[in-house]
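So the structure is just underneath, and the comments pick up after that.
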Amino acid sequence: MKHIREQPGWDAVTISEAYGLSKKLRDRAFMQLLEFFSLLMPEVDVLYNTLQKRSIDAPGINSALCRFKENVQKMRQKTDALAATAHDGTDEPGRRVSSTAPVMKEACDTVISQVEQRFSQSDHLIAAKLVDSSFFPQHVLSFPTPELDCAVKLWPALGNKEKLKSELTTLYRHSELHTGNTALSLLKSIHENNLEETFAETVILVKIIVTTPMTTSESERNFSTLKRIKTFTRNTMGQPRLNALAMLSIESQLIQQLQDFIPKVIDTFCQRKDRRAAFLFK
């Protein structure tokens, strides 16, 4: 930033931005929050990548969410120490507790509450607890009627509710069928023991859960507009032209709806100055 501000050849906009960034890098609160989010965002990336796996199921989602919330909660407990030790390189570490600690705690609370709100009301995750073997000991003591009602309401293919309840009650009591931790392993166990007809409704439920995506998060397939415009071969373009091309790329749908836009651009291009090629014909 100092090099940009002091060396000749840079335009006024770049120099102004470099001055603002260098001022931020000397701000104590900014550096503390920068260090805090550098610790928080990798936890978000881990959760995101876990939820993107094809083999993810309800137990895997619950486990990933629990780990994520525990890690964020631990980070929240360390915010006071982080605010006291993080500094911008000029202040003495541990000199005083910064006012950024409440901001860090609020950020952690917001992240945790948003995650809980996002996944707590997912009906398919609630219904998936019916075939989650980790809940079977609890289901033996108290049958999960709310989860059953949610599954029947969510998937009309489960027509016989009473038969499904009877099958699940029997399934929970036979621990020899609980050979794995996933719904797919439960389906294989039922198939290997030739119990498809005995647990007909349960097989339908397990097949639905196995083939239903457990999360709605999608892979990021967007490409940067700046990377599309400013390639290696066009790295020397000025700021005004770069801004204009970025606007054209972002608002391409609107531009396509304008009548005679391309001919007008060509005419303007040809009339700006004399060119070697004859673009205009009379």
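Readers should treat all values here as calculations from the given coordinates under stated rules, not as data from a laboratory. Remember, it's a predicted structure, so these values are computed and weren't measured experimentally. Positions of Cβ are generated from backbone atoms using ideal geometry, with glycine treated the same way; all protein chains shown enter the neighbour counts.
What lysines does K78 reach when the alpha-carbon gap must be under 19 Å and sequence neighbours fewer than 8 apart in one chain are set aside?
K69, K105
How much net charge surrounds A200 when only the other residues with a Cβ under 9 Å from the Cβ of A200 are counted, with Lys and Arg +1 and Asp and Glu -1?
Details: positive: K163; negative: E167, E196, E197, E201.
Charge balance near A200 sits at -3.
Just to check I understand the Karplus step: with θ = phi - 60° and J = 6.51 cos²θ - 1.76 cosθ + 1.60, what whole-Hz values come out for the range 145-151, glycine and proline as x?
5, x, 5, 5, 4, 5, 5
Kindly identify the range 125-211 as rounded, prolate or oblate by the Cα gyration tensor criterion: order the square roots of the eigenvalues as a ≥ b ≥ c, call it rounded if a/c is under 1.5, otherwise compare a/b with b/c, prolate if a/b is larger, else oblate. Don't skip to the answer; put the middle values down first.
Numbers: a/c = 1.39, a/b = 1.17, b/c = 1.19.
Rounded is the answer for the range 125-211, as its axis ratio a/c remains below 1.5.
Take the alpha-carbon centre of the range 111-168, take the same for the range 1-77, and report the distance between them in whole Å.
Measuring centre to centre over Cα atoms gives 36 Å.
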